[in-house]
Amino acid sequence: MNLFASSNCGLRQLRALGGMLVASLLLLFGTIEAQDTSSSDDGLSAKVLSLEQLWNQAEVAQDTHSLNQLLSDTFIFVDVDGSLQNKTQFLAGVTGRSEHIDSIRSESMLSRVHGDTVIVTGVYHEKGTLNGKAYYHHGRFTDTWIKDGSAWLCAASQSTLIQK
């Protein structure tokens, strides 16, 4: 009986060792997979961050054609005053606004990849004129980019002014 108990104990230890081996292998392969995903995430982040810069350039140039290509049909924009605009309203506002934007510069941008979604946060500086008077806006933004076929489109954007 003692021999049976000892061999049963050995079997339990062998199973435990096998379980640890499987867990170790899963951890190892999971880490390798995460590293591969990380490098592809870096490339995706760089692509979306370049789209952010294109957006700034298109908005300054009042290039609604390019902006139309960057925004999802279901795009929603939350402006600094809390108002909401859909894609059509946002595009109309780019050319129909009373202000003239001289420059928009984004900095401190961070992106997080979540499958077919990329969330970008950052700080922006906008200079222009409104009713003949110079203005300067300094704020934070959050943009949500989604993959639509082979294209990356912004589905939502939100801006908040930073108090001076």
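The values are calculated or read from the model by the stated rules, or taken from the named source; none is laboratory data. Computed from a predicted model, the values in this text were never measured in an experiment. Every residue, glycine among them, receives a Cβ derived from its backbone with ideal geometry; neighbour counts consider all protein chains shown. For accessibility, only protein heavy atoms count, side chains too; no ligands or nucleic acids. Shrake-Rupley method; radii C 1.70, N 1.55, O 1.52, S 1.80 Å.
Roughly speaking, what % of Cα-Cα pairs in region 78-164 are separated by over 18 Å, rounded to a whole number? Intermediate values should be presented prior to the final figure.
Working: 1977 of 3741 pairs.
Beyond 18 Å sits 53 percent of the P(r) for region 78-164.
Taking the Cα-to-Cβ direction at HIS65 and at ARG97 and moving 7 Å from each Cα, how far apart do the two end points lie in nm?
2.2 nm
Keeping every protein chain in place, order ILE76, ILE104 by accessible area at 1.4 Å, biggest value first, i.e. largest first.
Values: ILE76 65, ILE104 30 Å².
Ranking ILE76, ILE104 by accessible area, largest first, yields ILE76, ILE104.
Using a Cα-Cα cut-off of under 17 Å, which lysines could be cross-linked to LYS164, ignoring same-chain neighbours fewer than 8 residues away?
Candidates past the 8-residue exclusion: LYS127.
Length gain on complete extension for the stretch HIS137 to ASP81, per 0.36 nm per residue less the alpha carbon to alpha carbon distance? Working shown, then result.
Details: separation 56, 0.36 × 56 = 20.16 nm, distance 1.25 nm.
Full extension from HIS137 to ASP81 adds 18.9 nm.
So, in nm, how far is label THR117 from label GLN89 when the simple model puts each one 7 Å beyond its Cα toward the Cβ?
With each label placed 7 Å out from Cα toward Cβ, I get 2.2 nm.
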